[in-house]
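Here's the structure, in structure tokens; my notes come after.
Values in this text are rule-based calculations from the coordinates and carry no lab data. Bear in mind that the values here come from a model prediction, so they are computed numbers and not experimental data. Note that each Cβ is placed from the backbone with ideal geometry, even for glycine, and that neighbours are counted across all protein chains shown.
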Amino acid sequence: MIQFENVSKIYSHNSIALKNIQLHIKPKEFVSIVGASGAGKTTLLKLLIREEEPTEGKIFLDGLEVTAVDRSSLHAVRRRIGTVFQDYKLLPSKTAYENIAFAMEAAGRLDEEIDEDVPQALELVGLKDKMHNFPNQLSGGEKQRVAIARALVNRPEVILADELTGNLDPITTWEIIKLLQKINDLGTTVILATHAKDIINAIDKRVVVLEKGMIISDEEKGKYLV
């Protein structure tokens, strides 16, 4: 489904973010990308959605060479990939419902679809009763759930989760991880970038370990080795 072929990202002679990455992720996999801060996790995710351009190599999504897609057509690729970040990126002036609806509007979805799909997405993440709350009326975990619902609502094939539990307490962190596992069980590929060792060791799924921009381990049921 997702392939990185000899991908490198070099900012300067002294700053190599990724080096010769060879990575294949199958449909419906749950993959954790782990490593210390600066290992290249976020860069790898940004390359997949073309927020960054590789210095060398090619990236494919279901056979489509993402790295060759014209800038004017990138929206079609990004629509297939939902992204969730540590800082939520919610619009403070919009309710939970409106934040999710805005993502659907941007994708050109019809009002009828929005009216049907937004409540379903909020119900999936357990926040249907908070749909009219603004971000400042939600806890950190609730904000992250809204962000996940927003990422899911356009039915992407892949969810990218970048350090999404970094600001959460341990109990809320586990609730978010269980939600990601539920989403994965429903058929969505999940790629989780994190340096949270305890979480990774308990998930018991595939773990890809990055160190200084290189893959040093790739195990089907891996542990955090760094």
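Taking amide H as placed 1.01 Å from N in the peptide plane, L18 has its amide H under 5 Å from the amide H of K9, each at least 5 places away in sequence or on another chain.
In whole percents, the pair-distance distribution calculated for the stretch 1-124 from its alpha-carbon pairs, binned every 10 Å from zero, is 11, 35, 32, 19, 4, 0.
Note that the stretch 77-87 has calculated 3J(HN,Hα) couplings of 6, 5, 5, 8, 10, x, 10, 10, 10, 4, 9 Hz, one per residue in order, obtained from phi through the Karplus relation 6.51 cos²θ - 1.76 cosθ + 1.60 (θ = phi - 60°); glycine and proline are x. Over all distinct Cα-Cα pairs of the stretch 1-50, the Kirkwood formula returns a hydrodynamic radius of 11.8 Å.
Report for the chain the percent antiparallel among DSSP-assigned beta bridges with both residues inside it, nearest 5. Looking only at bridges with both residues in the chain, the antiparallel portion is about 50 percent. Overall shape of the stretch 91-155 was characterised from the C-alpha gyration tensor. The equivalent ellipsoid obtained from it has semi-axes of 18, 12, 10 Å, in decreasing order. A dipole drawn for the chain from +1 and -1 charges on Cβ atoms has a positive end, and of H75, A161, I33 the residue lying farthest that way is I33. For the chain, the longest principal axis of the alpha carbon atoms and the long axis of helix 140-152 meet at an angle near 80°. Each Lys and Arg contributes +1 and each Asp and Glu -1, all at the Cβ; summed about the Cα centre of the stretch 91-155, the dipole is approximately 400 debye.
Computed from backbone phi with θ = phi - 60° and the Karplus coefficients 6.51, -1.76 and 1.60, the 3J(HN,Hα) list for the stretch 154-160 is 8, 6, x, 7, 9, 10, 9 Hz; x is used for glycine and proline. Comparing A96, A161, A68 in a Gaussian network model of the chain, where Cα atoms under 10 Å apart are tied by springs, the biggest mean-square fluctuation is seen for A68.
Find the percent of Cα-Cα distances in the chain that exceed 23 Å, and round it to a whole number. Of all Cα-Cα pairs in the chain, 47 percent lie more than 23 Å apart. In terms of other Cβ atoms within 10 Å, H132, H13 run from fewest to most in the order H13, H132. Secondary-structure-derived ellipticity at 222 nm for the chain, considering helices only, amounts to -10000 deg cm²/dmol, per-run term -39500 (n - 2.57) for DSSP H runs with n ≥ 4.
Between amide H atoms placed 1.01 Å from N, distances below 5 Å from Y224 occur with N201, all of them 5 or more places distant or on a separate chain.
The phi-based Karplus calculation (6.51 cos²θ - 1.76 cosθ + 1.60; θ = phi - 60°) puts the 3J(HN,Hα) values of the stretch 17-22 at 7, 9, 9, 6, 6, 10 Hz, whole numbers, x for Gly and Pro. For the stretch 127-174 versus the stretch 57-84, the spacing of their alpha-carbon centroids is 24 Å.
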